[in-house]
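A quick write-up on the structure given underneath.
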Amino acid sequence: MLNKGNGRRFHRVNMPVRYFIIPSSPIRDREIYATGTNYFPESTLKLIETKKNLILQSVQKIQTSDHLLKTLFTEMIEVIEFFGDCLKAITNGKSPKSDLKYWIQLKDRQKGFKQAAPLEKTSPKTFSYIQAIEHKYLTYLDSMVKSIENSTPSHFFVQGRLPSAFKIDELLVTFRNPKLQKIPLIQALLHVSEFMETYLAVYQRINDDNYLKQFPKEWPFKEANVSAGGLAVFMSKEFKLYSKVDAYLYFEAENKLLSFDGTVVGFRTVQDYQERIAINFEFPSGHDQKFLQQEIQKYEVEECMDLPL
């Protein structure tokens with residue numbers, strides 16, 4: 001439900017739509033281009049902390065006189081958090097490259113998990129799992145380093161959509177099998193992978209926000225609360241209350257792209273570690289508003305036709 005303004009004057013409906021929302025103005029006085037979006041809202045920070053605690057609990061249950069595994073998991077947490085620190089710097093318009101010492105540390109992280117090597121002989125199966133996690137991590141890290149190296153204060157460099165369908169993603173399906181819940185090592189691997197994924201997902205949002213704007217056909221088709229006066233959506237990122245945003249809606253059947261100047265009028269954390277963001281359209285064009293209203297009505301008619309008699 002939209003909170004204030006012209007959104008109240010229009011009929012609203014929940015419907016799937018392709019949308020793209022970004023702050024109207026990027027961060028000022030930046031070292032590297034940053035949209036102004038907060039990619040670490042409170043919900044994401046809570047999710048990160050929850051996943052980290054699950055790793056620590058699982059590692060404590062691993063029964064072994066050899067401290068190698070515990071040392072390795074400690075390193076993995078540190079490496080993943082370092083990746084996250086770089087993302088936070090980028091979000092705030094700070095370039096990790098501007099600090100030589102920090103940049104050297106970042107480049108060193110491209111060597112992967114240094115504590116994993118001894119496992120290749122002593123625990124080859126565990127080593128293969130660690131390698132699968134490392135591969136996805138390094139793929140994203142290498143992409144981020146390349147972006148930082150080629151970005152400027154006026155442009156954030158991206159090569160396109162980030163890769164998907166990694167070996168570790170297949171393994172996680174197995175790790176989530178209820179029969180494996182009592183095996184601490186498997187659970188530690190599961191939780192460290194999920195912990196990593198929270199940060200990788202943040203980087204994917206940053207990457208997509210700097211790439212997808214020009215490709216509306218690739219925008220995700222997601223549920224939104226839509227009216228001719230605004231919309232409300234669920235996102236894992238944050239825009240400041242009353243800040244100005246550019247809101248775009250794309251209707252593929254008509255190949256129609258609508259562009260609205262918006263104001264964030266509502267923001268709250270909801271279940272599943274997401275934020276509900278409500279946006280009012282400010283002085284929308286009558287033509288675009290009419291088209292949107294027609295699409296809403298068309299959707300409602302189609303929904304009624306699908307109802308069982």
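The values are calculated or read from the model by the stated rules, or taken from the named source; none is laboratory data. Everything numeric in this text was worked out from a predicted model, so none of it was measured. Don't worry about glycine lacking a Cβ; one is built from the backbone with ideal geometry, like all the others, and counts go over all protein chains shown. Just so you know, the surface numbers come from the protein's heavy atoms only, side chains and all, with ligands and any DNA or RNA stripped out. Shrake-Rupley method; radii C 1.70, N 1.55, O 1.52, S 1.80 Å.
Structural remarks
- Out of Thr122, Thr50, one residue alone is of a type in the set (Ser, Thr, Tyr) and surrounded by 14 or more Cβ atoms within 10 Å (Cβ to Cβ). It is Thr50.
- Applying a threshold of 8 Å to beta carbon distances and a minimum spacing of six or more residues, or different chains, the list of pairs starting in region 71-94 at a residue that is among the β-branched types (Val, Ile, Thr) and modelled with pLDDT under 95 and ending at one that is assigned to a helix (DSSP H, G or I) and open to solvent by 30 Å² or more (accessible area, probe 1.4 Å) reads Thr71/Gln115.
- For Ile62, the conditions (1) modelled with pLDDT under 95; (2) in contact with a His (Cβ under 7 Å, 6 or more places away or on another chain); (3) not basic (Lys, Arg) are fulfilled apart from (2).
- For beta carbons closer than 9 Å, sequence separation of 6+ or different chains, a first residue in region 273-302 that is on the phi > 0 side of the Ramachandran plot and a second that is outside any helix (DSSP H, G or I) and open to solvent by 40 Å² or more (accessible area, probe 1.4 Å), the qualifying pairs are Phe283/Asp261.
- When region 257-277 is filtered for residues that are aliphatic (A, V, I, L, M) and within 19 Å of Trp219 (Cα to Cα), the ones remaining, listed by number, are Leu257, Leu258, Ile277.
- Residue that is on the phi < 0 side of the Ramachandran plot, β-branched (Val, Ile, Thr) and either in contact with a Pro (Cβ under 6 Å, 6 or more places away or on another chain) or assigned to a helix (DSSP H, G or I) (or both), where the choices are Val145, Val158: Val145
- Of all residues in region 144-163 being buried (at least 19 other Cβ atoms within 10 Å of the Cβ) and in contact (Cβ under 8 Å) with a residue 60 or more places away in the chain, the one that is nearest to the chain's Cα centre (by Cα): Met144
- Qualifying residue in region 63-83 (condition: open to solvent by 60 Å² or more (accessible area, probe 1.4 Å) and of a type in the set (A, V, I, L, M)): no
- All positions within region 222-239 that are more than 13 Å from Asn14 (Cα to Cα) and either without any contact (Cβ under 8 Å) to a residue 60 or more places away in the chain or not aromatic (Phe, Trp, Tyr) (or both): Gly229, Met235, Ser236, Lys237, Glu238
- Taken as a whole, the structure leaves Ser143 outside the set of residues that are under 30 Å from Trp219 (Cβ atoms) and modelled with pLDDT under 95.
- Of residues in region 203-236 being touching a Gly at 6+ places or on another chain (Cβ under 8 Å) and outside any strand (DSSP E or B), the one surrounded by the most Cβ atoms within 10 Å (Cβ to Cβ): Gly229
- Candidates Gly84, Gly112, filtered to the one that is on the phi > 0 side of the Ramachandran plot and of a type outside the set (Phe, Trp, Tyr): Gly112
- The set of residues from region 16-33 being crowded, with 16+ Cβ neighbours inside 10 Å, within 29 Å of Tyr250 (Cα to Cα) and not aliphatic (A, V, I, L, M) comprises Arg18, Tyr19, Phe20, Pro23, Pro26, Tyr33.
- Top-ranked residue in region 84-101 [being of a type outside the set (Lys, Arg) and assigned to a loop (DSSP other than H, G, I, E, B); ranked as most open to solvent (accessible area, probe 1.4 Å)]: Asn92
- Per-region count, region 255-309, residues surrounded by 17 or more Cβ atoms within 10 Å (Cβ to Cβ), in a strand (DSSP E or B) and either aromatic (Phe, Trp, Tyr) or at pLDDT below 90 (or both): 4
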